[in-house]
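All remarks here apply to the structure that follows.
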Amino acid sequence: MHFFASQDHLTAVEWILRAIVGFVFFIVVARMMGQRTISQVGLLDFVIVLLIGNIIAHPLSDEGLGLTGSMITMTVILVLYLIGILLSLRSPRIRKLFIPAPIPLIENGKVLYKNLNKARISIDVLLSELRMHKIEDIQKVAIASWEPGGSISIFLKSEHQPLTPNSFNAPIQSFQYPKTIIKEKKIDDKVLQQLGKSEEWLLQKMQTTINNVTLNEILLGTIDENENVRLFLYQ
């Protein structure tokens with residue numbers, strides 16, 4: 001563990017170990033800081049910007065430090081960055097590490113205070129976002145979620161949505177937000193449990209939607225409150 005301490009000279013292996021430890025440490029710190037700090041920058045990009053900025057700054061400002069070690073470190077960081085991107089594209093579990101799920105803040109006009117703490121934002125920030133969307137009453141909101149990018153998505157209840165030509169003389173329907181039940185060939189068991197349905201039921205529903213479709217063909221599958229299933233296939 002000599003690479004942790006100040007040294008007159010570090011080997012290439014010690015530089016690599018420093019890079020790996022620094023990368024993992026900044027991932028943990030960035031996760032603890034929360035999505036609000038990261039804002040519009042992705043978690044992985046945020047970590048890379050911090051690391052690269054610090055790595056290149058010191059040797060440029062300290063004549064006692066050479067560039068060789070920093071170049072090795074930056075190369076390792078770049079490789080780890082590319083590996084992180086590839087793994088996040090292939091593995092939903094790893095993707096959740098870098099791109100966390102949206103956090104519901106308002107549901108059916110009620111503020112979910114525990115989720116405000118989870119998203120690390122105050123009620124003042126939430127109200128400010130509502131004002132920017134020209135929403136003066138929280139009870140008009142059907143769903144508001146804190147998105148991974150640091151923004152808040154807001155959906156109004158049906159009776160408070162802007163009128164369109166198709167809205168005249170049309171009966172008011174309850175707001176329906178489809179749930180993702182299939183993503184990248186995999187069924188979300190939690191959603192099935194919430195709906196009180198079995199996997200066999202879903203497979204039969206798939207066949208009534210698209211004849212002879214298989215799970216491996218489905219990129220995305222959603223279901224609404226009326227149990228209408230929509231399937232989006234790989235193209």
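The values are calculated or read from the model by the stated rules, or taken from the named source; none is laboratory data. The shown structure was predicted, so the numbers you read here are calculated from the model rather than taken from an experiment. Cβ placement follows ideal geometry from the backbone for every residue including glycine, while neighbour counts extend to all protein chains displayed.
Taking the stretch 200-216 as the range and being in contact (Cβ under 8 Å) with a residue 24 or more places away in the chain and either surrounded by 11 or more Cβ atoms within 10 Å (Cβ to Cβ) or not in a helix (DSSP H, G or I) (or both) as the test, the residues that pass are 202, 205, 206, 215.
Among the residues of the stretch 127-137, not one is part of a helix (DSSP H, G or I) and at pLDDT below 85.
Restricting attention to helices (runs of 4 or more DSSP H) lying wholly within the stretch 25-126, give those where 2 or more residues are at pLDDT below 85 and surrounded by fewer than 15 Cβ atoms within 10 Å (Cβ to Cβ). Because the criterion is at least 2 residues that are at pLDDT below 85 and surrounded by fewer than 15 Cβ atoms within 10 Å (Cβ to Cβ), the helices (runs of 4 or more DSSP H) in the stretch 25-126 that meet it are 35-38, 43-61, 67-90, 92-98.
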